[in-house]
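Have a look at the structure below, then the notes.
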Amino acid sequence: MDHFELKDGMLHAEGVPLARISAEAGTPIYVYSAATIERHVRVFREALAGIDDPLIAFAVKANPNRAVLATLAALGLGADVVSGGELKRALAAGIPAAKIVFSGVGKTAEEMALGLDEGIGQFNLESVAEAEMLSQVATARGVTARVAFRVNPDVDAGTHSKISTGRADDKFGVAYDRAPDAYARAAAMPGIAAVGVAVHIGSQLTDLAPSRAAFERVGALIAALRAAGHAIDSADLGGGLGVPYNPAVPVPPSPADYGAMVREVTAGWDVRLIFEPGRVIVGNAGVMLTRVIRIKEGKNYPFVVLDAGMNDLLRPSLYDAWHNIRAVEPNGAKFVANVVGPICETGDTFARAREMDQVAAGDLVAFMTAGAYGATMANTYNSRGLVPEAMVSGEEWAIVRDRQPIEALIAADRLPPWL
Ligand code: LLP
């Protein structure tokens, strides 16, 4: 469910017609709906009803815009961060340090120091080598860090290979069989207390069975660790729940289905559960608004050439991701077209032979379900400034990130003294 609807023939974000935003702010631009974000937080929370004091740590990577994070902070969410930059953004948006979990396979000593100095809630470690580094950094500061090891449960999440993370050969986590040894070694290290277990098997998961299998392995590990004398008090079940992108395919399991599965599998664990949802919170809360530059003839289908490119929305190019593409003012007719951007490579194709609303030069088009991994993965390829973002709340809207002027890009380059 989202708050992007046709009203009087025009697609609106809540109470604001999208054409109003493009008239003032231009295109391409991402538009977020605050009410949709709030709704998804509520739905996710309700899905976890009955679980004692869960920590919902939003995966900042999905959408790190400060207005989005501040919206979530106001709703009491924590954050899952994977870099010093994300940590600073989460703090700047008002998310309390105690509700921040620091994940990621390549944390540097500087990033660890930042996390310790800010007093974050937990570090999710991915190797013994990382534990040794954190132990040194924490000991030098005279503090003890709460840590979890992320385990690699050797479960195939059944999603796109590039966003599967829990197979034995993926780079993430400590191999399941070696986890007891990692905890034993960590127990001997000063400055860290290994009190949690973490897992995350992938993103855009559309089947609960792999998650259930992974969580069952976590449960067995917690029991084994306790039997070995480790005081485990938290379990971080990661993120990954999928969202509907294509109305023509079966919808992924709902947060309620997910919550029921979690309640069943984790019954009796006696730990605080941590969740790291990203896409399910913000995916449907954003669209990318773009304008048709022209319609170009094609051999089999016309090309809809947009003013947004793969640099603005990378997912179709990188993962063959399917986004619904709608006319902002549909005329009722449909056609079959290839939808492309202006970037000079064939990968800059959003859709091939897509049956979609018929559009013409100058029309506005919206890419639906672009709130997660959209603007944050944008780049400046072909010397295109970073795409701006706007947020709507009811009848109000505001720019929440400026369009990056090309002058800023040029000014960031430096000429060496010999030129
Ligand atoms: N926790 C960890 C440790 C993660 O690595 C991720 C996502 C999440 C939580 C949040 O997962 P979510 O609930 O959003 O599925 N760029 C890709 C997705 C990459 C996901 C990376 N990790 C895409 O556009 O589909």
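Going through the stretch 308-335 one residue at a time, which ones are part of a loop (DSSP other than H, G, I, E, B), farther than 20 Å from Gly385 by Cβ and either of a type in the set (S, T, N, Q) or in contact with a Phe, Trp or Tyr (Cβ under 9 Å, 6 or more places away or on another chain) (or both)? Give the derivation first.
At the first step, the residues of the stretch 308-335 found to be part of a loop (DSSP other than H, G, I, E, B) are 308-314, 320-324, 328-333.
So of that shortlist, the ones also farther than 20 Å from Gly385 by Cβ come out as 320-324, 328-333.
Matches in the stretch 308-335: Ala321, Trp322, His323, Asn324, Asn331.
Those residues that are touching a residue at least 40 places away in the same chain (Cβ under 8 Å) and either more than 23 Å from Arg294 (Cβ to Cβ) or within 11 Å of the ligand (Cβ to nearest atom) (or both), I need them from the stretch 308-323; list them, please.
Here is the first cut: in the stretch 308-323, the ones touching a residue at least 40 places away in the same chain (Cβ under 8 Å) are 308-315, 318-323.
Leu313, Leu314, Arg315, Leu318, Tyr319, Asp320, Ala321, Trp322, His323 - these are the residues of the stretch 308-323 that are touching a residue at least 40 places away in the same chain (Cβ under 8 Å) and either more than 23 Å from Arg294 (Cβ to Cβ) or within 11 Å of the ligand (Cβ to nearest atom) (or both).
How many residues are closer than 14 Å to Ala138 by Cα, buried (at least 21 other Cβ atoms within 10 Å of the Cβ) and hydrophobic (A, V, I, L, M, F, W, C) when one looks only at the stretch 96-113?
Qualifying residue count for the region: 1.
Test of understanding: among Arg291, Arg263, which residue is out of contact with any strand residue (DSSP E or B) (no Cβ under 8 Å at 6 or more places or on another chain) and touching a residue at least 12 places away in the same chain (Cβ under 8 Å)?
On the way: Arg291 fails: out of contact with any strand residue (DSSP E or B) (no Cβ under 8 Å at 6 or more places or on another chain).
None of the others qualify; the one that does is Arg263.
Check whether at least one residue in the stretch 122-144 is within 21 Å of His200 (Cα to Cα), among the basic types (Lys, Arg) and either within 16 Å of the ligand (Cβ to nearest atom) or out of contact with any Gly (no Cβ under 6 Å at 6 or more places or on another chain) (or both), and report yes or no.
No: zero hits.
Quickly run through the stretch 371-418 and pick out the residues that are of a type in the set (A, V, I, L, M), over 21 Å from Glu24 (Cα atoms) and within 15 Å of the ligand (Cβ to nearest atom).
Within the stretch 371-418, Ala372, Met377, Ala378 qualify.
Quick one: what pairs do we get from the stretch 94-118, first residue more than 16 Å from the ligand (Cβ to nearest atom), second assigned to a loop (DSSP other than H, G, I, E, B), C-beta under 6 Å, 6+ apart or different chains?
Ala97/Gly119; Ala97/Ile120; Ala98/Gly121; Leu116/Val143
Checking Arg263 against (1) within 16 Å of the ligand (Cβ to nearest atom); (2) assigned to a helix (DSSP H, G or I); (3) not acidic (Asp, Glu), only one condition comes out false. Which one?
The number of the failed condition is (1).
So which residues in the stretch 217-250 are within 16 Å of the ligand (Cβ to nearest atom) and closer than 16 Å to Gly268 by Cβ? Reasoning before the result, please.
First, the residues of the stretch 217-250 that are within 16 Å of the ligand (Cβ to nearest atom): 218, 234-246, 249.
Hits for the stretch 217-250 are Val218, Ser234, Ala235, Leu237.
Of all the residues that make up the stretch 174-192, how many are buried (at least 18 other Cβ atoms within 10 Å of the Cβ) and either within 16 Å of the ligand (Cβ to nearest atom) or among the aliphatic types (A, V, I, L, M) (or both)? Even if it seems obvious, please write down each step before you answer.
So in the stretch 174-192, the residues buried (at least 18 other Cβ atoms within 10 Å of the Cβ) come out as 174, 176, 179, 182-183, 186, 189, 191-192.
When the remaining residues are screened for being either within 16 Å of the ligand (Cβ to nearest atom) or among the aliphatic types (A, V, I, L, M) (or both), the result is 174, 179, 182, 186, 189, 192.
Final tally of qualifying residues: 6.
From the list Glu395, Glu389, which residue is surrounded by 22 or more Cβ atoms within 10 Å (Cβ to Cβ), under 27 Å from His3 (Cβ atoms) and of a type in the set (Asp, Glu)?
Just a single option satisfies the conditions, and that option is Glu389.
Mind listing whichever residues of the stretch 149-173 are part of a strand (DSSP E or B) and either surrounded by 23 or more Cβ atoms within 10 Å (Cβ to Cβ) or away from the ligand (no atom under 16 Å from the Cβ) (or both)? First the steps, then the outcome.
Taking the stretch 149-173 as the starting set, the residues that turn out to be part of a strand (DSSP E or B) are 149-152, 164.
Selection gives Phe149, Arg150, Val151, Asn152.
Going through Ser83, Ser22 one at a time, which residue ends up being polar (S, T, N, Q) and more than 15 Å from the ligand (Cβ to nearest atom)?
On the way: Ser83 fails: more than 15 Å from the ligand (Cβ to nearest atom).
Answer to the selection: Ser22.
Which members of the stretch 197-214 meet the condition of being buried (at least 24 other Cβ atoms within 10 Å of the Cβ) and either in the same structural domain as Arg326 (by TED's automatic domain parsing) or more than 13 Å from the ligand (Cβ to nearest atom) (or both)?
Val197
Looking at the stretch 128-139, can you tell me whether even one residue there is among the charged types (D, E, K, R), over 21 Å from Ala227 (Cα atoms) and in a loop (DSSP other than H, G, I, E, B)?
Filtering the stretch 128-139 down to residues among the charged types (D, E, K, R) leaves 130, 132.
Subsequent filtering for residues that are over 21 Å from Ala227 (Cα atoms) retains 130, 132.
Those still in the list that are in a loop (DSSP other than H, G, I, E, B) too: none.
No.
Whether any residue in the stretch 27-43 is assigned to a loop (DSSP other than H, G, I, E, B) and either among the aliphatic types (A, V, I, L, M) or in contact with a Lys or Arg (Cβ under 9 Å, 6 or more places away or on another chain) (or both) is what I want to check.
To start, the set of residues in the stretch 27-43 that are assigned to a loop (DSSP other than H, G, I, E, B) comprises 27-28.
Filter once more, so that each one left must be either among the aliphatic types (A, V, I, L, M) or in contact with a Lys or Arg (Cβ under 9 Å, 6 or more places away or on another chain) (or both): 27-28.
For the stretch 27-43, residues assigned to a loop (DSSP other than H, G, I, E, B) and either among the aliphatic types (A, V, I, L, M) or in contact with a Lys or Arg (Cβ under 9 Å, 6 or more places away or on another chain) (or both): present.
Go through (1) away from the ligand (no atom under 16 Å from the Cβ); (2) buried (at least 19 other Cβ atoms within 10 Å of the Cβ) for Thr36 and report which single condition fails.
(1)
How many residues are within 16 Å of the ligand (Cβ to nearest atom) and in a loop (DSSP other than H, G, I, E, B) when one looks only at the stretch 270-307?
3
The values are calculated or read from the model by the stated rules, or taken from the named source; none is laboratory data. Predicted model, so just to flag it, every value in this text is computed and none were measured. Please note: Cβ atoms are built from the backbone with ideal geometry, for glycine as well, and neighbour counts cover all protein chains shown.
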